[in-house]
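S.K.: Take this structure first; my questions come after.
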Ligand SMILES: C[S@@+](CC[C@H](N)C(=O)[O-])C[C@H]1O[C@@H](n2cnc3c(N)ncnc32)[C@H](O)[C@@H]1O
C-alpha cells in the first residue's frame, strides 16, 4: 500500500490549495486528515458537522466532499479574510454555514443540537473549552484533532499543552480514543452510545 498516494481529492481541492499558497497561509491541513474526515463524514448520513478553524478551507473541501445532501456543516474562524475566502468556494452550497467569530465565544454561547463529527482545528475546542466541546458530540459521534506530533511551527513549550490535552482526553471514560502516528499525529475519539 502506498500511503502517500492520495487519488480521491475533492474537485475543488487543487484550486483551494493554490489560493492558500498564493495568500501565504501557513497552517494548512494536510491531505491525510482530509481523507480521514471525508471517510468518517460519509459514514454519517443526515448529519450535523462542525469544524473549528476554517483556515484556507483545505480540510473543509474534504469534509464537504463526504457530506450527503441531507447533512449540514458549520465552519468557524475568527479571521474575516479566511471566512471571505471560504465563502468564495462554498457560499452557493446551502448545507454549509460559515461563521466569523471567536471560537471560544461561539462554543460558550451555542445552544443548538449536538454534532455527529467535530474537527477541532483551532485553539478553542481543543486546548480551551475542551469539556464544553466534548459535551457537543452526539452519542456515536466523532471528535477529531490533528497536529499531535511535533510540528515545525509549534511555539516554544507547546509540547506541554499537547501532553496535558492527551492526558485529559485519555481520562474521559465516556469516549473511546485512538492515537495515530500518521499525518501530523491524529486523535480520533467516539462518544460511547
Ligand atoms: C490550523 S488552522 C486551520 C486550517 C484549516 N483547517 C485548513 O485546512 O486550512 C487554525 C485556524 O484557526 C483560526 N483561529 C485561531 N484562533 C481562533 C479563535 N480563537 N477562534 C476561531 N478561530 C481561530 C485561525 O485563523 C486559523 O485559520
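Please treat every number below as a calculation from the coordinates, not as lab data. If you're wondering where the values come from, they're calculated on a predicted model, not measured in any experiment. Glycine also receives a Cβ, built like all others from the backbone with ideal geometry; neighbour counts cover every protein chain displayed.
S.K.: Need one number: nm distance between label points at residue 156 and residue 172, each 7 Å from Cα along Cα→Cβ, rounded to one decimal.
M.R.: My value for the distance between the label points is 3.2 nm.
S.K.: Per DSSP helix of 4 or more residues, -39500 (n - 2.57); summed, then divided by the residues of the chain. What does that give at 222 nm, rounded to the nearest 500?
M.R.: The helix contribution divided over the chain gives -10500 deg cm²/dmol.
S.K.: While we're looking at this one, here's another question. Compute the relative contact order of the chain as a whole-number percentage, counting only Cα pairs closer than 8 Å that sit 6 or more residues apart in sequence.
M.R.: 17
S.K.: With labels modelled as points extended 7 Å from the Cα through the Cβ direction, what inter-label distance (nm, one decimal) is found for residue 92 paired with residue 132?
M.R.: Placing both labels 7 Å along Cα→Cβ, they lie 3.6 nm apart.
S.K.: Residue 192 versus residue 105, label points 7 Å from Cα toward the beta carbon: distance in nm?
M.R.: Rounded to a tenth, the inter-label distance reads 3.8 nm.
S.K.: Could you list, bin by bin from short to long, the percent of Cα-Cα pairs of the chain in 10 Å steps?
M.R.: Calculated P(r), rounded to whole percents: 9, 38, 40, 13, 0.
S.K.: Provide the FRET efficiency to the nearest 0.05 for the residue 123-residue 70 pair, computing r from the beta carbons and using R0 = 41 Å.
M.R.: 0.85
S.K.: If you restrict to DSSP beta bridges whose two residues both lie in the chain, what percentage is antiparallel, to the nearest 5?
M.R.: Bridges in the chain are about 35 percent antiparallel.
S.K.: Using alpha carbon centroids, what distance separates the stretch 126-190 and the stretch 45-109, in Å?
M.R.: Their Cα centres are 20 Å away from one another.
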